[in-house]
1. Filter region 263-284 for residues that are free of Cβ contacts under 8 Å to residues at least 40 places away in the same chain and of a type in the set (A, V, I, L, M, F, W, C); which is nearest to ILE82 (Cα to Cα)?
2. So which residues in region 107-133 are under 26 Å from SER169 (Cβ atoms) and more than 13 Å from the ligand (Cβ to nearest atom), if there are any at all?
3. Could you please tell me which pairs satisfy a Cβ distance under 9 Å, a separation of 6+ or placement on different chains, a first residue in region 346-371 that is over 17 Å from MET318 (Cα atoms), and a second residue that is in a loop (DSSP other than H, G, I, E, B) and aliphatic (A, V, I, L, M)?
4. Which of the residues belonging to region 154-166 are in contact with a strand residue (DSSP E or B) (Cβ under 6 Å, 6 or more places away or on another chain) and either within 16 Å of the ligand (Cβ to nearest atom) or without any contact (Cβ under 8 Å) to a residue 40 or more places away in the chain (or both)?
5. Run down GLU54, GLU100, GLU47, GLU96 and say which single residue is in a strand (DSSP E or B), more than 16 Å from the ligand (Cβ to nearest atom) and either in contact with a strand residue (DSSP E or B) (Cβ under 7 Å, 6 or more places away or on another chain) or in contact (Cβ under 8 Å) with a residue 24 or more places away in the chain (or both).
6. Considering each of ILE356, ILE341 in turn, give the residue that is at negative phi, open to solvent by less than 60 Å² (accessible area, probe 1.4 Å) and in a loop (DSSP other than H, G, I, E, B).
7. Which of the helices (runs of 4 or more DSSP H) contained wholly in region 182-280 include at least 2 residues that are farther than 30 Å from GLU92 by Cβ?
8. Out of LYS151, LYS202, report the one residue that is exposed (fewer than 14 other Cβ atoms within 10 Å of the Cβ) and within 16 Å of the ligand (Cβ to nearest atom).
Amino acid sequence: MSSDFFRAFFMIYIHIPFCKQKCSYCNFHFSTSMQLKEGMIAAMKKEIALRKGELQHKTLRSLYFGGGTPSVLSPDEINGLIDEVLKYFSFEKDIEITLEANPDDLDNNFLKALSKFPVNRLSIGTQSFFDADLKLMNRAHNASEAEGSIKRAQDYGFENLSIDLIYGSPTSGLEVWKENLKRTIALEVPHISSYALTVEPKTALENWIEKGKVSTPKEEEQNSEFYYLSSFLKDHGFDHYEISNFAKPGFYSRHNSAYWKYHEYLGIGPSAHSYNGFDKRSWNVAHNQHYIQKLSSGMLAKEEEILSEKDQFNEMIMIGLRTVWGIDLDQLKTKFSEALIENFNAGIRQKMLDGILITENNHLKIPEEHWFMADGIASDLFMV
Ligand code: SF4
């Protein structure tokens, strides 16, 4: 397939910056007050309309509601935003429309209403099927809601389901993790995104650890849980297609796959980023009130930067080495200067001799047994 084929489409991400409560490990942009919800939806609709000219020659392949917690909106509010997008942009017939949702929001009424709208993929923030983990994470749901929400979603016809799972919590160990994965398989979920519990600055989790109330997640445990995850899911028919993502054939996330292949996207809503697939990135202000004010006066709330050759190169290395597709060495040669490529080739030589990097069909990859170290390997190859 030619690269023009891939360049013919784009994605839209809509950031819903509200959550019911603050999870202990989270440092994303959101507010726990719903006061600005209506004003926010109106502002987002304005942003969509104002940006309608940006990608007129392309087709929308994926619309993704992320957050925050998109499921704090009502199905009608979600559908209102979808209508607005589909009104202004041409879209593929089988467009993927994903909604991130928290288990406690997925009751019968919500799912019944949602199933009548064009949302065709749910990404559920399950995180764990164990109450001790969920309590430490300060999630708004419990273990029984975690399981019930998945079954209910399936009953309402949502087959294209992804769940998020977090490993490496100090409240659990390998045995609990194995049980989490067994339950996931029993629920027949076709896509899983799984991340290590990370201690981010200025979070409740960091504070508890500093005060000695909670122990620090252990790297060796996270490491062994990651490798168990990978081999267990592969044994159950999943492809491990990005470090943190696993899918049954036919259920890869179109949205994320396109990010990882450097396609264009528009980000709507406070703190959302946009990328032109080449050298320009922009981001909206990460402040709900400022975002609404700006849009209500008819102006966009974004800033932009031109990416230097170094930024583009480092990003390509970082993203490519986290995926099963690796880095396309032909594309790298076409895109970057000879001097830079020579430098890069010198950097990869020893790693190839050590078996930490391999090439397949002229794509540079990290063999899966070394994926846990991918970020470190990539940063060794960065242009400084
Ligand atoms: S629901 Fe998601 S975005 Fe909201 S606080 Fe929890 S982890 Fe963060």
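1. Once the filter is applied, the top-ranked residue is TRP283.
2. We begin by selecting, within region 107-133, every residue under 26 Å from SER169 (Cβ atoms); these are 122-133.
The answer is LEU122, PHE129, PHE130, ASP131, ALA132, ASP133.
3. So the pair list comes out as GLN350/ILE356.
4. SER162, ILE163, ASP164, LEU165, ILE166
5. None of the others qualify; the one that does is GLU96.
6. Exactly one residue qualifies, and that residue is ILE356.
7. Values: elements: 204-210, 219-235, 254-260.
Fully inside region 182-280 and qualifying: 204-210, 219-235.
8. None of the other options fit; the residue is LYS202.
The values are calculated or read from the model by the stated rules, or taken from the named source; none is laboratory data. Quick caveat: nothing in here was measured; it's all calculated off a predicted structure. As a convention, Cβ positions derive from the backbone with ideal geometry for all residues, glycine included, and neighbour counts pool all protein chains shown. Remember, those area values only see protein heavy atoms, side chains included, never the ligands or the DNA or RNA. Shrake-Rupley method; radii C 1.70, N 1.55, O 1.52, S 1.80 Å.
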